[in-house]
Amino acid sequence: MSFEILMGLEVTDDPGYDNYRAAMKPILKTYDGRFGYDFKVSDTLISEQNPDINRVFTINFPDKQQMKDFFSDPLYLQAREKYFIDSVASVTMISSYQKTD
């Protein structure tokens, strides 16, 4: 079993977001995290929170604690501050769940 989150973003700067992904992936790997699915979407038909979602993805960890440790890692937070903040207008956590692998 693993822990997964389904996220929706409004990315406003694709090159900046690509830099964020490049910077955070080695850190993600140290927590045995990975992306399962990743989509660029053009239309959001229904959204409870943010109507401007243009990126949807899943991110998976061995367990919930690994996920918490990753998102609080100082190196991750530096990468987020440097690239993510200016390239993403909004973040929507669509769902989080225990996944049977």
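Figures for the structure shown
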{"quantity": "Candidates Asp32, Asp13, Asp18 - the one that is open to solvent by 20 Å² or more (accessible area, probe 1.4 Å), on the phi > 0 side of the Ramachandran plot and modelled with pLDDT of 95 or more", "calculated": "Asp32"}
{"quantity": "Candidate set: the range 79-93, residues that are in contact with a helix residue (DSSP H, G or I) (Cβ under 8 Å, 6 or more places away or on another chain) and not aliphatic (A, V, I, L, M); chosen: the one least open to solvent (accessible area, probe 1.4 Å)", "calculated": "Ser87"}
{"quantity": "Residue among Glu10, Glu4 that alone is farther than 19 Å from Asp101 by Cα, out of contact with any Cys (no Cβ under 7 Å at 6 or more places or on another chain) and of a type in the set (Asp, Glu)", "calculated": "Glu10"}
{"quantity": "Tally, over the range 49-72, of residues that are within 23 Å of Lys99 (Cβ to Cβ) and either among the small types (Gly, Ala, Ser) or out of contact with any strand residue (DSSP E or B) (no Cβ under 8 Å at 6 or more places or on another chain) (or both)", "calculated": "5"}
{"quantity": "Residue tally, condition part of a loop (DSSP other than H, G, I, E, B) and closer than 20 Å to Ser87 by Cα, over the range 1-39", "calculated": "2"}
{"quantity": "Scan of the range 42-61 for residues that are of a type in the set (A, V, I, L, M, F, W, C) and within 15 Å of the chain's Cα centre (by Cα), ordered by number", "calculated": "Ile53, Val56, Phe57, Ile59, Phe61"}
{"quantity": "Residue list for the range 16-39, restricted to those being over 24 Å from Pro74 (Cβ atoms) and touching a residue at least 24 places away in the same chain (Cβ under 8 Å)", "calculated": "Gly36"}
{"quantity": "Pick from the range 49-76, criterion more than 23 Å from Asp14 (Cα to Cα) and without any contact (Cβ under 8 Å) to a residue 12 or more places away in the chain, ranking: least open to solvent (accessible area, probe 1.4 Å)", "calculated": "Ser72"}
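The values are calculated or read from the model by the stated rules, or taken from the named source; none is laboratory data. Just so it is clear, the model here is predicted, and its values are computed rather than measured. All Cβ positions, even for glycine, are placed from backbone atoms using ideal geometry, and neighbour counts span all protein chains on display. In case anyone asks, the SASA skips ligands and DNA or RNA and just uses the protein heavy atoms, side chains included. Shrake-Rupley method; radii C 1.70, N 1.55, O 1.52, S 1.80 Å.
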